[in-house]
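Engineer: The structure follows.
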Amino acid sequence: MSAMKLSATAALAVSALVLSGCAAGASDDDTPVSLRMTVWTSNEDQLALFDEIADAYIADHPEVKSITFDPLDFESYTTTLTTQLAGGNPPDMAWVLENAAPDFVSSGALVPLDETLEATKGYDLDDLSPSATELWTDGDGQLAAYPFSTSPFVVFANDDLLAAAGQPTAAQLQADGRWNWESISEVGSAVNATTGKAGFVVRDFDYTQWDYLSTVWGGWGAEPWSKDGATCTMDSPEMVDAFTFLHDAAFTAKSMPGPGTAADFFAGEAAFTVTQISRASLLGESGIQNWELAPLPEGPDGDYSIVGQAGVGALAQAEHPEQSAEFIAYFTNPENSAKLAQYFPPARTSQLDAATLSAANPVLTEEQLGDIVVPAIENGEVRPSHTGSAEIQQEVRSALDALWVADADVEGTLGDVCAAIDPLLEQ
């Protein structure tokens with residue numbers, strides 16, 4: 001697995017090297033082409049919407065015969081994608097996670113989209129939020145991928161489980177001025193002691209995807225590396241305090257599931273979960289009758305917000321980059337962006353208002369969207385990203401293994417993390 005992960009950067013380099021060959025490999029005849037887009041969702045409703053958009057496009061574009069959406073496993077998505085690139089079997093289009101964005105954007109693996117988007121009638125490229133497009137813009141100021149999802153991290157609370165444990169609801173905690181990580185851990189510990197279920201869960205962390213913990217350490221004002229990305233700051237006092245809190249939550253307070261213990265909020269197994277707003281679509285089938293949406297809890301450094309992003313780009317190494325860019329322009333035009341907004345918060349400033357978002361999100365109220373979601377999108381910090389992300393991810397994960405034991409040396413372990421990745425950050 002680690003060898004495959006470490007191949008990601010190399011694969012992107014390969015894709016950059018073959019750019020000159022890509023144009024020559026593009027189809028010059030009028031034969032209708034088939035396009036493939038890799039995605040990490042297998043949600044049937046989402047895939048049905050994608051197919052609906054694609055079918056409408058094909059009906060008006062005889063040069064495209066078919067468009068296939070190819071779901072890949074989320075956990076190994078970037079590894080699988082870069083393996084396809086290295087193996088000479090690239091998709092025409094691909095979703096890209098924010099932590100892999102610097103590699104994809106800087107390597108030249110993606111076709112610049114500006115010219116195509118600007119030439120598309122009614123596209124309104126200027127409507128895209130500069131903060132949303134920043135991560136996806138290359139050194140020449142060209143948009144390498146469209147940020148189709150800028151999804152803030154929030155907290156969902158299971159008020160049914162909190163009531164069963166005799167604990168205050170999320171709304172009560174906020175009303176009492178106690179919506180902070182210390183209170184969340186106290187309440188979560190009581191839930192676990194009373195019901196045997198989990199207190200709070202950082203979804204998708206699972207003691208492997210360490211960068212999801214940015215949704216917690218942001219409350220301490222911590223960052224994994226310096227602003228210029230050249231120096232590790234995982235051993236900073238703020239980060240040590242944040243990881244001390246997490247370690248105590250897992251091993252002392254037991255307010256957070258420990259290593260090897262799974263708890264799914266949407267199966268009724270946890271009182272709180274930190275996850276992206278797009279997960280609201282899971283509430284309908286969760287069986288949770290009474291739930292609450294809340295912003296990320298306050299930390300010692302005050303209020304903060306974190307967003308996750310996903311981009312979609314056309315692979316330069318593929319056979320049909322021009323047709324792919326044109327479909328992306330259609331897939332993300334104002335009309336389709338509004339449709340996609342029910343699952344993926346848009347990058348368009350004209351659509352970042354509670355009324356527009358509520359029309360596409362029947363699960364959430366206009367008040368919840370206006371008070372929590374929109375401000376988080378506008379002000380949130382994007383999850384950590386860096387060039388060479390695959391190797392950095394692996395090194396940090398490996399070094400953090402020593403932290404997830406009861407008698408861990410938190411400060412010493414975080415120092416070891418920096419020793420492991422400082423040489424990578426300097427590259």
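The values are calculated or read from the model by the stated rules, or taken from the named source; none is laboratory data. None of these values were measured; they are calculated from a predicted model. Neighbour counts run over all protein chains shown; Cβ positions are idealised from the backbone, glycine included.
Engineer: I'm told P224 meets every condition in (1) closer than 23 Å to P384 by Cα; (2) without any contact (Cβ under 8 Å) to a residue 24 or more places away in the chain except one. Can you identify the failing condition by its number?
Structural biologist: The single condition P224 does not satisfy is (2).
Engineer: I'd like to check something: does the range 335-356 contain any residue that is modelled with pLDDT under 90, acidic (D, E) and either surrounded by 21 or more Cβ atoms within 10 Å (Cβ to Cβ) or in contact with a helix residue (DSSP H, G or I) (Cβ under 7 Å, 6 or more places away or on another chain) (or both)?
Structural biologist: Yes: the range 335-356 contains one or more residues that are modelled with pLDDT under 90, acidic (D, E) and either surrounded by 21 or more Cβ atoms within 10 Å (Cβ to Cβ) or in contact with a helix residue (DSSP H, G or I) (Cβ under 7 Å, 6 or more places away or on another chain) (or both).
Engineer: Could you say whether any residue in the range 368-389 is in the same structural domain as L293 (by TED's automatic domain parsing), part of a helix (DSSP H, G or I) and crowded, with 21+ Cβ neighbours inside 10 Å?
Structural biologist: Yes, there is a match, as at least one residue in the range 368-389 is in the same structural domain as L293 (by TED's automatic domain parsing), part of a helix (DSSP H, G or I) and crowded, with 21+ Cβ neighbours inside 10 Å.
Engineer: Could I ask something else about it? Just give me the residues in the range 173-186 being touching a Leu at 6+ places or on another chain (Cβ under 7 Å) and either part of a helix (DSSP H, G or I) or polar (S, T, N, Q) (or both), in sequence order.
Structural biologist: S183
Engineer: Still on this structure, I have one more. When the residues of the range 190-200 are filtered to those that are aliphatic (A, V, I, L, M) and surrounded by 23 or more Cβ atoms within 10 Å (Cβ to Cβ), which remaining residue is farthest from the chain's Cα centre (by Cα)?
Structural biologist: Step by step, filter the range 190-200, then rank; the result is V191.
Engineer: If you take just the helices (runs of 4 or more DSSP H) that sit entirely in the range 70-126, which of them hold at least 3 residues that are under 29 Å from T349 (Cβ atoms)?
Structural biologist: Those helices (runs of 4 or more DSSP H) span 101-107, 114-119.
Engineer: Restricting attention to the range 151-189, and to residues there that are of a type in the set (D, E) and within 20 Å of D264 (Cβ to Cβ), which single residue is surrounded by the most Cβ atoms within 10 Å (Cβ to Cβ)?
Structural biologist: D159
Engineer: Next question. Yes or no: S398 assigned by TED's automatic domain parsing to the domain that holds R279, surrounded by 18 or more Cβ atoms within 10 Å (Cβ to Cβ) and within 23 Å of A230 (Cα to Cα)?
Structural biologist: no
Engineer: Among the residues of the range 259-306 satisfying the criterion of being β-branched (V, I, T) and in a loop (DSSP other than H, G, I, E, B), which is farthest from the chain's Cα centre (by Cα)?
Structural biologist: The selected residue is I288.
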